[in-house]
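The structure appears below as structure tokens.
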Amino acid sequence: MLIVRRIVCERRRMRSSLFYHTTCSLWRRRGPTAKPYRCFLSSASFSTADYENGDAFQSNPSKVKIFDRHLKRKQRDRAAWLLRPNDSLVDAVAENLLDRLEDCKKTFPTALCLGGSLQAVRRLLRGRGEIDKLIMMDTSYDMVKRCESSLPDSYNENIETSYVVGDEEFLPIKESSVELVISCLGLHWTNDLPGAMIQCKLALKPDGLFLAAILGGETLKELRIACTVAQMEREGGISPRISPLAQVRDAGNLLTRAGFALPGIDVDEYVVRYKSALDLIEHLREMGETNALLERSNILKRETAVATAAIYDALFAAEDGTIPATFQVIYMTGWREHPSQQKAKRRGSATVSFKDIQKQFGSGG
């Protein structure tokens, strides 16, 4: 598998060569030899918030039902056993997300890592953010145990690590208890994404940072086209095979709706080449990114699957016989409010008009 193209913002263009080949080496900084403290906890060990009725989130689940969360947990259980030790795509996304911690002057003593690419985030953290306590949480017990057992002590860097089985939709963390929340390729599977982000904001202390990477709407556009054409040809209609994903234009609204201050959005596109469509599907299974729609069709006819692979190859195959798959990743950054943060000026408080600026610098035409 080879990442052949990546569209990035200018300030990170110098880092793109690190992820060009799947065989690229990783920077590793070995910490002290002392074995850090570890603990494994169930979600019952934490409290979502202090409510009079005790279980406010559990007793009032989201009315929005798009994904089968129970099925998604099973898919992540399966992915824990299929997980690649070093997945170049996942590592590139995690590295780019964690890169933002280097742009922050402040430290984050306590951090929460949610679902998605737990293992990659933990392995690539490498002391960024100066984290002392780290909570690793996933809906899948097998995924959490895999994350705990797969990292040697040299990666822990004396970070006190707790492992929690919990759901992003009912975040089992006390309000104002962590300085940093990280979610790498996990939140796009929540039924109520704004609600999950609001809970992340509530878990943050004032001036705490929220970092998230989710798959965008252009992800797997080649597979969507091939699957649609094959179903129309073989079955005379279409059924949902690929999950709906957030568009870039909606990401900023999500941060604002969740109440984050200083929201920031940027987008990367990764094009990964596979030997065949079957290799692509196998990779999605390893990532835990296969279909979990409630309205999905449980049966995929063999002739439809064969036609999809053939159409994919006919429309998109390169001269070397490989097929491309596009993964659009939306990176979101937001802060919990704090008096020290920059504030927008009051409307009408400007002392210089645009007409004066135009006269001084010219029209530029």
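The values are calculated or read from the model by the stated rules, or taken from the named source; none is laboratory data. All figures in this text were calculated on a predicted structure; none of them were measured in a lab. For neighbour counting, all protein chains shown are included, and Cβ atoms are generated from backbone atoms with ideal geometry for every residue, glycine included. Remember, those area values only see protein heavy atoms, side chains included, never the ligands or the DNA or RNA. Shrake-Rupley method; radii C 1.70, N 1.55, O 1.52, S 1.80 Å.
Residues with amide H under 5 Å of D207's amide H, sequence separation 5 or more or different chain, H placed in the peptide plane at 1.01 Å from N; which?
R336, E337, H338
At 1.4 Å probe size, with every protein chain present, just tell me what the per residue accessible area of the stretch 230-272 comes to in Å².
Numbers: 2110 Å² over 43 residues.
Roughly 49 Å² per residue, with all protein chains present.
Let me spell out the model: positive unit charges on the Cβ of Lys and Arg, negative unit charges on the Cβ of Asp and Glu, origin at the Cα centre of the stretch 156-238. What dipole size does that give, in debye rounded to 20?
The calculation lands at about 160 debye.
Amide H neighbours of V164 under 5 Å, at least 5 residues apart or on other chains, H built in the peptide plane: list them.
L41, M136, M137, D138
Starting from the Cα gyration tensor of the stretch 126-211, take the square roots of the eigenvalues, sort them a ≥ b ≥ c, and report rounded, prolate or oblate (rounded when a/c is under 1.5, otherwise prolate if a/b is larger than b/c, else oblate).
It is oblate, given that a/c is not under 1.5 and a/b is not larger than b/c.
Determine the relative contact order of the stretch 175-299: mean sequence separation of Cα pairs under 8 Å and six or more apart, normalised by residue count, in whole percent.
On the way: 116 pairs, mean separation 31.5, N = 125.
Averaging sequence separation for qualifying contacts and normalising by length gives 25 percent for the stretch 175-299.
Any idea of the accessible area per residue across the stretch 59-192, 1.4 Å probe, to the nearest Å²?
Details: 4710 Å² over 134 residues.
Per residue, the stretch 59-192 has 35 Å² of solvent-accessible surface.
For G216, what residues show an amide H to amide H distance below 5 Å, using hydrogens built from the backbone and excluding near sequence neighbours?
Answer set, sorted by chain and number: Q328, V329, I330.
From the cross-link list K65/K106; K205/K345; K105/K345, which pairs have alpha carbons spaced over 27 Å apart?
Checking Cα-Cα distances, K65/K106 exceed 27 Å.
I'd like the GluC sites (Glu not before Pro) in the stretch 294-344 restricted to DSSP loop residues with at most 11 other Cβ atoms within 10 Å, sorted by number.
Those that pass, being in a loop and sparsely packed, are E295, E319.
Leaving ligands, DNA and RNA out of it, report the carbon-plus-sulfur percent of the accessible area of the stretch 203-349 at a 1.4 Å probe.
Carbon plus sulfur share of accessible area: 53 percent.
Taking the full set of protein chains and a 1.4 angstrom probe, give the accessible area of R100 in square angstrom, rounded to the nearest 10.
Counting only protein heavy atoms, the figure is 10 Å².
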